[in-house]
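The values are calculated or read from the model by the stated rules, or taken from the named source; none is laboratory data. All values reported here derive from a predicted model rather than from experimental measurement. In this analysis, Cβ positions are derived from the backbone assuming ideal geometry, glycine residues included, and neighbour counts consider all displayed protein chains.
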Amino acid sequence: MTDFIRYIALGDSMSIDLYPALDAGEIDVAVALERVPTAGRVAPLGAASLFYQNSEDYWPDDAGDDLSSLYPGIAFDNLATDGATIGEVFGEQLTQVEDSDEPTLVTLTIGANDLLSALGNRPKRELLERIVSDIVEAYDFLVDTLRGRFPNGTLILTTVFDPSDKTGKIPGVYDDRGLLPLEVLERLNQHIRRLASGTPNVVVADAYEHFMGHGVTATDEDERWYWKRSLIEPNKRGASELRRLWLDALRAVDTGG
């Protein structure tokens, strides 16, 4: 079992505290109004924060099932940011960390905003395919960079979830464009799975599969894992489910499964 001494969360809003804290009402008014986490208190209820240290107030059954319990003294840097793209991980997040030969655990949640940005320009099919190829290439380069910077590290890649539950419709997301081209999402996710399966010290957490059925098709509000005011963001339950998925992925690494 690897004795990790540091955990770094990289990526987008799948990893941050903002939306789960908004969902729980555990946030200062200034943050709620401005949606800027630095404006005040934001409870550590996002996936990365829960992965590092569980909230017993909200998830008592998960007491002790977190990185701080598994690896006492482990350091934590949550560098993920709202709306981040692959380019912003390179240009803004990785600039905040130094290379290290120490056992480091890294979670990566990225790709969704790159796809959404591409769709916003209404590209024709041929151009969209080329854009997705560029996103896949950039994703590979990012993973190679992380493996080079943390040669004794373990990287958990996270597939991009689909709040539409394969319907192609997410309220508030390009409502005037017809059905979303979900095949490009599936293409990226398939690539992430293949990359993880064929790369040493890299494992996948399949959020796409795990979250399926907990988006727009969920009839019970308690079974919806996305924030009701923006269905592309995880709510407090979604954040908890993602951290559990990461824990499962980590256990698979440690057991060789």
Of the residues that make up the stretch 114-133, is at least one in a loop (DSSP other than H, G, I, E, B) and at positive phi?
yes
What's the number of the condition Arg244 fails, among (1) modelled with pLDDT of 95 or more; (2) buried (at least 19 other Cβ atoms within 10 Å of the Cβ)?
(2)
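Residues are listed down the side, and each one gets a yes or a no for (1) touching a helix residue (DSSP H, G or I) at 6+ places or on another chain (Cβ under 7 Å); (2) farther than 10 Å from Pro163 by Cα; (3) hydroxyl-bearing (Ser, Thr, Tyr):
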{"residue": "Met212", "(1), (2), (3)": "no, no, no"}
{"residue": "Asp220", "(1), (2), (3)": "no, yes, no"}
{"residue": "Trp225", "(1), (2), (3)": "yes, no, no"}
{"residue": "Pro234", "(1), (2), (3)": "yes, no, no"}
{"residue": "Arg237", "(1), (2), (3)": "no, yes, no"}
{"residue": "Ser240", "(1), (2), (3)": "yes, yes, yes"}
{"residue": "Asp248", "(1), (2), (3)": "no, yes, no"}
Regarding Val253, is this residue among the aliphatic types (A, V, I, L, M), more than 17 Å from Ile110 (Cα to Cα), touching a residue at least 24 places away in the same chain (Cβ under 8 Å) and not in a loop (DSSP other than H, G, I, E, B)?
yes
Pick from the stretch 156-197, criterion under 15 Å from the mean Cα position of the chain (by Cα) and hydroxyl-bearing (Ser, Thr, Tyr), ranking: nearest to Arg125 (Cα to Cα):
Thr159
By my count, helices (runs of 4 or more DSSP H) wholly in the stretch 1-80 with at least 1 residues that are surrounded by fewer than 22 Cβ atoms within 10 Å (Cβ to Cβ) and free of Cβ contacts under 8 Å to residues at least 40 places away in the same chain are 29-34, 67-70
Among the numbered criteria (1) surrounded by fewer than 17 Cβ atoms within 10 Å (Cβ to Cβ); (2) touching a Phe, Trp or Tyr at 6+ places or on another chain (Cβ under 6 Å); (3) of a type in the set (D, E, K, R), which single criterion is violated by Glu223?
(2)
